[in-house]
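I have a structure here, written as structure tokens, and I will follow up with some questions on it.
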Amino acid sequence: MKKRVYIKTFGCQMNENDTEKMYILLSDEYEPTLNPEEADLILINTCSVREKPQHKVYSEAGRYKHLKKKKPELIIGITGCVAQQEGENIIKKLPYVDLVLGTQGFYFIKEALKTFTKTKKPVVFTELKSDFKPPLILEEKNFISSDKKITAFVTIMQGCDNFCSYCIVPYVRGRETSRPPEDILKEVEELVKKGVREVTLLGQNVNSYGLKEKGYPDFAELLNMVSQIEGLWRIRFTTSHPKDLSDRLIKVMAENPKVCHHIHLPLQAGSNKVLKRMNRKYTKEEYFKKVKKLRDAIPDIALTTDIIVGFPGEEKEDFEETLEMLEKVRYHEIFSFKYSERPFTVAQKFNDKIPEEEKEKRLKKVHEVQARITKEIYNSYVGKEVEVLVEGFSAKSKELLMGRTTTNVIVNFKAPRLDLKGALVRVLIEEAGKHSLKGKYLETLKT
Ligand code: SF4
């Protein structure tokens, strides 16, 4: 009988994708469980980008300490960004932790387990190689979930070279490195064979895919290559750094019918002074010029963004400029955060920090403004017919189906039959909610 592994994942889609890879790597010996109480191996896959990371990780690990008392052979590991950042310190603070594997180290989880089993000494692997190429890891069968997957994430690159002054990513995920195109194509082909119809290509800055490697396609070309895979209907990607968004990419987005009409283009702030201190390498005027190009080429494109409020030195007038940009660009949705300090970063040393209370006020204002804009945009869908890729049942009711438009808006809808998972259908939008739309099924376009 196989042993059982439980993985708790924090953070972004890339971390979720890394968790899937660990499940696959461990699949010879372990099967996944959703219950930590019955696990033989517990892994906490951590994120230090947006969370209060150490604190969260330590309290999460604390929950499993008592399990180890009951079952001394239980192995506990910390992986991902916090493991990378903290290394040996984790073992000092949490002596019951057996494995600490960083953002490249987790690929060696099997070797780390072997070493631990042999030596019974904690294994720490936090080396970051600049020429590291993540191995091709394919899921042989659907063992992570017995459910048929319709959408999937595929990591195309790791790390980042941009060093935005607030961001820890270059320090914990290392320098940018792109996966070989043939590995990416193979992974997507395998997913499609299993029924996946939509892939999201992941990277910290997908727009610089392949630029550092000899003989690799650039990102626009990679999109065209992936789109040739038969049976794949839709391609999404995230994240795009605005400074690297090329005319070539906009052209491919406009012309390639498989590329979805949605782009996540992090603005972060609307003031040029703040953008400069953030080291974002674009002005708000340059950013808006790209938005205009996107809209000229793809009139129905949906934009989403990230906003940081209360960056050190952000004065009231700077903040007003962020609100102006929200009104000007009119994003479908935004992800907004209060600035918070990260170790190693340049911004950590800035003295002109904004009081917590003021950050809170600004965040509230951003939410207010954006909620109105999202509502107006979502209302404009009412009465329109949209194409929806059905992902399964709605989270709200088992009598409704759920899918997304090409613009990445969630649609819940009634249909005469409920076995439409994986189909592309046409839906008439009848109602707009805060973060989703509601409609009725019209016809099936593709199965
Ligand atoms: S582009 Fe900037 S914010 Fe994004 S991962 Fe790189 S350093 Fe961080």
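None of the figures in this text is laboratory data; all of them are computed from the coordinates on show. Every value quoted in this text rests on a predicted model; they were computed, and no experiment measured them. When we count neighbours, we look across all protein chains shown, and the Cβ atoms used for this are built from the backbone with ideal geometry, even at glycine.
Describe numerically, in nm with one decimal, the distance between label points set 7 Å from Cα along Cα→Cβ at residue 31 and at residue 276.
6.1 nm
Counting only trypsin sites (Lys or Arg not before Pro) that are in a DSSP loop and have at most 10 other C-beta atoms within 10 Å, tell me the longest site-free stretch of the chain.
215-397
Round to the nearest 0.05 the FRET efficiency obtained for residue 70 and residue 393 when R0 = 30 Å and r is the Cβ-Cβ distance.
That gives a FRET efficiency of 0.25.
Give a quick list of GluC sites (Glu not before Pro) in segment 168-236 that DSSP marks as loop, anything other than H, G, I, E or B, with at most 11 other Cβ atoms within 10 Å.
230
Excluding residues fewer than 8 places away in the same chain, name every one of the lysines whose C-alpha is closer than 19 Å to that of residue 194.
Leaving aside lysines fewer than 8 places away in the same chain, those within reach of residue 194 are 21, 141, 148, 149, 186, 258, 421, 446.
Among rounded, prolate and oblate, which fits segment 385-446 when a ≥ b ≥ c are the square roots of the eigenvalues of its C-alpha gyration tensor, a/c under 1.5 means rounded, and a/b larger than b/c means prolate?
Judged from the Cα gyration tensor, segment 385-446 comes out rounded (a/c under 1.5).
Do me a favour and compute the ellipsoid semi-axes for segment 287-380 from its Cα gyration tensor, root of five times each eigenvalue, largest one first, whole Å.
Each semi-axis is the square root of five times an eigenvalue, giving 28, 16, 11 Å.
Also: In a Gaussian network model over the chain where Cα atoms closer than 10 Å are linked, find which of 12, 164, 260 has the largest mean-square fluctuation.
Its mean-square fluctuation being the largest, the pick is 12.
Same structure again: With springs connecting C-alpha atoms under 10 Å apart, model the chain as a Gaussian network and identify which of 424, 34, 202 has the largest mean-square fluctuation.
Result for the chain, Cα springs under 10 Å: 34 fluctuates most.
Still on this structure: What share of Cα pairs, in percent, lie more than 27 angstrom apart in segment 131-260?
Roughly 20 percent, rounded to a whole number.
Let me ask another. Pull the list of the chain cysteines that no other Cys approaches to under 4.7 Å, Cβ to Cβ.
12, 47, 81, 160, 260
Normalised by the number of residues in the chain, what is the relative contact order in percent for Cα pairs under 8 Å and 6+ residues apart?
Computed value for the chain: 9 percent relative contact order.
Please work out the FRET efficiency for the pair residue 356 and residue 63, using the Cβ-Cβ distance as r and a Förster radius of 25 Å; give the result to the nearest 0.05.
The value I calculate is 0.35.
So which aspartates and glutamates can residue 375 reach, going by Cα to Cα under 17 Å and dropping same-chain residues fewer than 8 places off?
By straight Cα distance, residue 375 reaches 300, 327, 333, 430, 431.
Something else now. With springs only between Cα atoms under 10 Å, which of 357, 376, 38 fluctuates most in a Gaussian network model of the chain?
Its mean-square fluctuation being the largest, the pick is 357.
Determine, at each q value in 0.08, 0.13 (inverse angstroms), the log₁₀ of I(q)/I(0) that the Debye formula gives when each Cα of the chain is one equal point scatterer.
So the normalised log intensities are -0.50, -1.34.
Name the residues whose placed amide hydrogens come within less than 5 Å of the amide hydrogen of residue 76, ignoring near sequence neighbours (fewer than 5 apart) on the same chain.
Amide H neighbours of residue 76, under 5 Å, 5+ apart: 42, 98, 99.
Hey, another quick one. Hey, for a label at residue 435 modelled as a point 7 Å past Cα toward Cβ, could you say which residues of segment 401-417 have their backbone N under 18 Å away?
402-405, 407-413
In whole angstrom, note down how far apart the Cα centers of segment 265-286 and segment 406-428 are.
38 Å
I've got another one for you. Rounded to the nearest 0.05, what FRET efficiency is calculated for residue 340 and residue 88 with R0 set to 22 Å and r the Cβ-Cβ distance?
The calculated FRET efficiency here is 0.35.
Another question about this same structure. Between residue 385 and residue 129, what is the label-to-label distance in nm when each label sits 7 Å out along the Cα-to-Cβ direction?
5.5 nm
Still on this model: Put a dot 7 Å past each Cα toward the Cβ at residue 212 and residue 375; how far apart are the dots in nm?
A separation of 4.5 nm, rounded to one decimal place.
So if I take the centroid of the Cα atoms in segment 173-220 and the same for segment 339-354, what is the distance between those two points in Å?
After rounding, the separation between the Cα centres reads 32 Å.
List the residues whose amide H sits under 5 Å from the amide H of residue 155, counting only those 5 or more places along or on another chain, with H placed 1.01 Å from N in the peptide plane.
Placed amide hydrogens put 202 under 5 Å from residue 155.
Could you list which residues have their amide H under 5 Å from that of residue 406, counting only those 5 or more apart in sequence or on another chain, with H placed in the peptide plane?
For residue 406, the qualifying residues are 387.
To the nearest 500 deg cm²/dmol, what mean residue ellipticity at 222 nm is calculated for the chain from DSSP H runs of n ≥ 4 alone, each contributing -39,500 (n - 2.57), summed and divided by the residues?
One gets -10000 deg cm²/dmol as the mean residue ellipticity at 222 nm.
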